[in-house]
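Here the structure comes first, spelled out in structure tokens, and everything after it is commentary.
The values are calculated or read from the model by the stated rules, or taken from the named source; none is laboratory data. Keep in mind the model is a prediction, meaning the values are calculated, not measured. Neighbour counts run over all protein chains shown; Cβ positions are idealised from the backbone, glycine included. For accessibility, only protein heavy atoms count, side chains too; no ligands or nucleic acids. Shrake-Rupley method; radii C 1.70, N 1.55, O 1.52, S 1.80 Å.
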Amino acid sequence: MASPSWNAGYAVMAVVEAEGFYEEEGLKVTTNLFPSATQAAQQVAAGGADLGLMTVEPVAIGRDKGLNLAYFSSYWEKWIYSLEVPAGSSVKSIADLKGKKIGVSAVASSGATFARTAMKLNGMSENDVTLVPIGAGAQQINAIKGGQVDALALWDIQYQLVRNAGVTLTPLPVKETADAWGGGFATTRKNLDAKKDVLQRFGRAVMKAFVFAKANPEAAIRDLWKLHPETRGSEPEAKALADGIKVLEVRLAGQGFDDKTLGSIDEAAFTRSLDFLASAGLIKKFPAKDIYTDEMFKAFNDFSHEDVIKRAESAG
């Protein structure tokens, strides 16, 4: 999983384990974190992982480098990266970022790739700004509050975590990513054929967790705390729970699914993502279907959504 740490935005991936959805599908799953989507993609390509959860850039960019990966399920149906600045900043447009410092989780992160691409699309060089790695959690908040960076290139839930810490932010629009696809679960082309049944069962387990989390966000956050106590933090329980639910709901809203098409991939949205990357010279244009299949989402949804909702509503 491409994330520097566990947090409420990934509560769905805790629910799938805590509620026994993997076991229901006959699976035993181990989840490892990697600081960037690029590293997660490399792990999958090298056989160090069977599949990975990552945004669209590393698979698209890796196509011409022989990674030979493809997405089989959507997780972020909407583009999750954006540029934002603290309230009151003199930066009002991307052009105003020249000479400024942009905070990213890591220099090799997808957020950093997004920032570089946005610069190029607005007539700037990536050398016109300085990318500053600010990590996650307390380190990130301290960097922002301490004025170490002038802007941020993060993603949906990271911004909510910053807002939960009392920082007011203002978005800098990047029109090229409006209505673009965000990313999902990817594996090797070999695994798409050899492990199709396993991938379908994995997807179905995760989609059950989506339904559960949407029906009862509080129970989802408590599942996260159970498996990863460090995500609980030191705030009073009521505030910690409220903050966690806000982050999770931002993530669920960004996933844009209705209840019967969980995991489906929209070709037009995927193509828009590739257009964004191609326009910045990061990839050569190619058909979206070269790096994804949308053949499995019906199998992902082959369960009683109503039963899972009832189970969630009765959860403690």
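Values of log10 I(q)/I(0) for the range 193-316 across q = 0.14, 0.23 Å⁻¹ run -0.79, -1.24, by the Debye formula with one identical scatterer at each alpha carbon and no solvent.
Using a Gaussian network model of the chain in which every pair of alpha carbons under 10 angstrom is joined by a spring, one finds that among Glu24, Glu57, Glu218 the greatest mean-square fluctuation is at Glu24. Residue by residue, the range 202-212 carries 3J(HN,Hα) couplings of 4, x, 5, 4, 5, 5, 4, 5, 4, 4, 4 Hz when phi is fed to the Karplus relation 6.51 cos²θ - 1.76 cosθ + 1.60 (θ = phi - 60°); x denotes Gly or Pro. Annotation: lysines with alpha-carbon distance below 23 angstrom to Lys92 (same-chain offsets under eight excluded): Lys100, Lys101, Lys120, Lys145, Lys175. Surface calculation, 1.4 Å probe, protein heavy atoms: Thr177 sits at approximately 20 Å² accessible. For the range 1-141, list log₁₀ I(q)/I(0) at each q in 0.12 Å⁻¹, using the Debye formula over Cα point scatterers of equal strength and ignoring solvent, two decimals each. Summing over Cα pairs of the range 1-141 leads to -0.59. The heavy atoms of Leu51 present about 40 square angstrom of accessible area, all protein chains included, probe 1.4 Å. Taken over the range 139-256, the percentage of Cα pairs per 10 Å bin, counting from 0 up to the bin with the maximum distance, is 10, 32, 32, 21, 5, 0. Our note on the geometry: Cα centres of the range 61-100 and the range 177-230, 21 Å apart. Calculated mean residue ellipticity, 222 nm, the chain: -13000 deg cm²/dmol, from DSSP H runs (n ≥ 4) at -39500 (n - 2.57) each, averaged per residue and rounded to 500.
For the range 30-77, the Kirkwood estimate of hydrodynamic radius, built from reciprocal distances between every pair of different alpha carbons, is 10.9 Å.
Remark: the range 196-298 carries 44 Å² of accessible area per residue (probe radius 1.4 Å; ligands, DNA and RNA excluded).
For the chain, the carbon plus sulfur part of the accessible surface works out to 49%, probe radius 1.4 Å. Each of Met119, Phe21, Ser82 was scored by the projection of its Cα onto the charge dipole of the chain, and the greatest displacement toward the positive side belongs to Met119; charges sit on the C-beta of Lys, Arg, Asp and Glu.
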